[in-house]
1. So is residue 357 more than 21 Å from residue 286 (Cβ to Cβ) and in a helix (DSSP H, G or I) or not?
2. Taking the stretch 192-215, which residues are more than 18 Å from residue 257 (Cα to Cα) and free of Cβ contacts under 8 Å to residues at least 12 places away in the same chain?
3. Picking from 167, 126, which residue would you name as being under 19 Å from residue 203 (Cα atoms) and aliphatic (A, V, I, L, M)?
4. Tell me which of these residue 142 doesn't satisfy, since it passes every other one: (1) surrounded by 19 or more Cβ atoms within 10 Å (Cβ to Cβ); (2) within 21 Å of residue 207 (Cβ to Cβ).
5. If you check residue 365 against the conditions, is it closer than 29 Å to residue 436 by Cα and in contact with a Phe, Trp or Tyr (Cβ under 9 Å, 6 or more places away or on another chain)?
6. Pick from 193, 246: which is among the polar types (S, T, N, Q), surrounded by 13 or more Cβ atoms within 10 Å (Cβ to Cβ) and closer than 29 Å to residue 277 by Cα?
7. Is it the case that residue 284 is assigned by the TED database to the domain that holds residue 348 and assigned to a helix (DSSP H, G or I)?
8. Being under 18 Å from residue 459 (Cβ atoms) and touching a residue at least 40 places away in the same chain (Cβ under 8 Å) is true for just one of 392, 419. Which residue is that?
Amino acid sequence: MKAQRHSGTSPRSCPQGQDQNPDIFPLSPSTWRKTPFRQDPSQLSIVEKQGLVIPKQHSSYLIKADQMKLMMQSKKASSRMLISNFLKASHCLYPPKIKYVDNDPEINMWKRKRMQDLIGSLASSVEQEQVYTAQALGCLGETNELVLSALQNALQVCRSLPVRYEVTRSLVLLGCLEAAVVRELIGQLKRGSPMQRTDMLAALRVALHTWAAAPEFQRMLVAARSRLIQILEQLASSQGPTDDSSFSAAACLAYLDSSNPTARETLQRCLVLADRKMKMQALILLVRYMKIASATIIQALLDQLCHSPVYKYRADSASLLSCIGLWRIQQEDLEDEVFMVLLEKLHCEPFLVVRQMVAMTVEVLHMKEQVWDIVENQLKEKCKMIRRQAVASLGALGLPNKQVFFTLLEMLETDSSEAVRIQVIKTFSILGMNKRHVLKSLLMKVDPKGPLGRECVKALRGLQKSPSTQRDPTLRDYEISQEVVTGVSPLASCALRAGR
């Protein structure tokens, strides 16, 4: 009877789990639960609290040092407004030529057929056809094995002098400088006519230029190199530097042997010539390939930078000055002269590409901080010409700090000279400064009737094409064209729309 009473006891008074396993304590909540449990996803759950971690105690000196380090990092990141921060990508002096590649299978099929026909024409019995075929294979520039092997076989088999000459020239143009080709090349240079010798040296110069531009571990071995250098030395010293064959021979020597004295003497004699093209080529060979830097070479580079009528020669001269480096310029005691020429070319050069190359040279020669200080002081000069030159220099150098940026904004609003204000607009456009306050300042000056307003229109059209432009939502691209057509200010039209 007692067992029946015990079994009939309610679940609340006597849990079932106690009879089943009385050793478990505390009992599970499911023992007293009448309905099945359903978990609510929104129900709060108990999370175990992690143990308290005692923070590491820092001394006041270390805390202050960390604060100073963070402050200097933030100041360094925001203090300089360089040209690289505004342009999408760094400029290149000579954009690479895009080689057209046609992937049309039909066109490629016709090209292969044309190449096979030319290779087959080398075995023709007509001499003129063989000469034309050899010239065509050299001009096409295809360096595959079929073309090279066909030309080499023709060089071994053919006995006609005109054909052997064209085949040798084509092989040299394609960069094949093996033993048989170099022997035939030397023979052509010895017994050929002056015109043929000049033509063959021009082809050799192209091949050696490509050979010297490659890294040393990728360069192919030039067969009979000592014999080739010997014949080139004879050709370089036989006539004056103004002769094309003599200059080409000296250039080939510079590519083959950077320490060759004959090439150095011949190229240095070209520095006093009136021909600026030959003079520039000699400077490139002396500085870039032969690593020679003297007072005469530096003076010639400054002369090219100041007086050459070809803008590429002026840009190359600035680039070669950076190749020479500050230490060698200081050894020749020409640092002050180089500094003054570069400072002047930053604002008086008509081409932006050359000004940017001069700015890069200034940075490589560690003169940029000094130039920035001079230009920043020139912004406060009373002479409007000096202020305009300083603003133009900043367009190539970039802005050293935010203070100069706000100074330019103030000059755009308050400067007494319209030419200076126009130059400020051009500088903002060159640097790609598309901040909201710059755009608003330019929009308020848009006027198609005056030169200042027209310059603002051009600058805005260039700046608003940038995807990173930060501008007011009420300022749209069409407002510039609307203001040009109607003469109504964009801000005034916005006010009228708001009033309606």
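The values are calculated or read from the model by the stated rules, or taken from the named source; none is laboratory data. Being a predicted model, the structure only gives us computed values, none of them experimental. A quick note on method: Cβ atoms are made from the backbone with ideal geometry, for glycine too, and the neighbour counts reach across all protein chains shown.
1. no
2. Those that are more than 18 Å from residue 257 (Cα to Cα) and free of Cβ contacts under 8 Å to residues at least 12 places away in the same chain: 193, 195.
3. Working: 126 fails: under 19 Å from residue 203 (Cα atoms).
On inspection, the qualifying residue turns out to be 167.
4. Tallying (1) surrounded by 19 or more Cβ atoms within 10 Å (Cβ to Cβ); (2) within 21 Å of residue 207 (Cβ to Cβ), residue 142 fails exactly one: (1).
5. When the stated conditions are applied, residue 365 does not pass them.
6. Being among the polar types (S, T, N, Q), surrounded by 13 or more Cβ atoms within 10 Å (Cβ to Cβ) and closer than 29 Å to residue 277 by Cα holds for just one of 193, 246, which is 246.
7. No, not satisfied.
8. On the way: 419 fails: touching a residue at least 40 places away in the same chain (Cβ under 8 Å).
Unique residue meeting the criteria: 392.
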